[in-house]
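The values are calculated or read from the model by the stated rules, or taken from the named source; none is laboratory data. Note that the coordinates shown come from a computational prediction; the quantities given were computed from them, not determined experimentally. Ideal geometry is used to build each Cβ from the backbone, glycine not excepted, and the neighbour counts take in all protein chains shown. The protein model used for the area step is the full one, side chains on, heavy atoms only, and it has no ligands, DNA or RNA in it. Shrake-Rupley method; radii C 1.70, N 1.55, O 1.52, S 1.80 Å.
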Amino acid sequence: MMGCSNPHPHGQAWSLSQVPQIPSTELTNLKEYAQQSTGELSEAPTGPNGKRCLLCDYAHLEAGQGERVVLQNEDWIALVPWWAVWPFEILLLPYKRHIPSLLELTQEESASLAQILSGVAIKYDNLFRTSFAYSMGIHQRPVPPKNNSVGEGDIAHLHFHFDPPLLRSATVRKFLVGFELMSEPQRDLTAEQAAQRLRDCADVHYLEEGK
């Protein structure tokens, strides 16, 4: 089972000579958005040099609407993005300020990140009352800044992707096959439906109930 083949917390750290395709595409879109945005009035935080940040604006929009938000605290927001492919996919990102990487987190932001990561994991496990499988990836600034200077990598906005395969129960998972594999993914439920089901899950882990 994806993300649960070895049932204990485990992870991988990759170091490459170039930025892989998915985060590279994200960085390109972030740069283009910053260059093309006209600086219209918005309460969302901005990126380097006061330019608009695509993910700052997106997080601000979702926080205001609320229907796709699963969890939110003083620094972070966990939501089901409208483009979600996996049934209960989550995007977790800071929404109060532009943060390029984990290196830029304050102590308070690190603590609130730990809190919301725990909350997401509990919601997932409670959904089907099982050790919920998922793959989580961190996308951030490709390399640390030199001499504390602002570089083009600072347009990156730190965020976490959660891609879980479970669809209808602890044993029924989603497979990308046929049309979805050869043409384009199909949604088994809307982002709003997925977010609502996760929000409805208890904040206390099901194994801790009654203790």
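Extension gain, PHE175 to ASP200, is 6.5 nm, computed as 0.36 nm per intervening residue step minus the present C-alpha separation. In plain terms, the C-alpha convex hull of the chain casts an average shadow of 13.7 nm² when viewed from every direction. The packing ranking of peptides 193-204, 160-171, 9-20, highest mean first, is 160-171, 193-204, 9-20, where packing means the average number of other beta carbon atoms within 10 angstrom of each residue.
Counting Cα-Cα pairs of region 53-156 in 10 Å increments starting at 0 gives whole-percent bin shares of 13, 43, 33, 9, 1.
For the chain, the carbon plus sulfur part of the accessible surface works out to 53%, probe radius 1.4 Å.
Solvent-accessible surface of the chain, taken per residue with a 1.4 Å probe and all protein chains present: 58 Å². Note on region 29-94: Rg/Rh from C-alpha atoms, Kirkwood Rh, equals 0.99.
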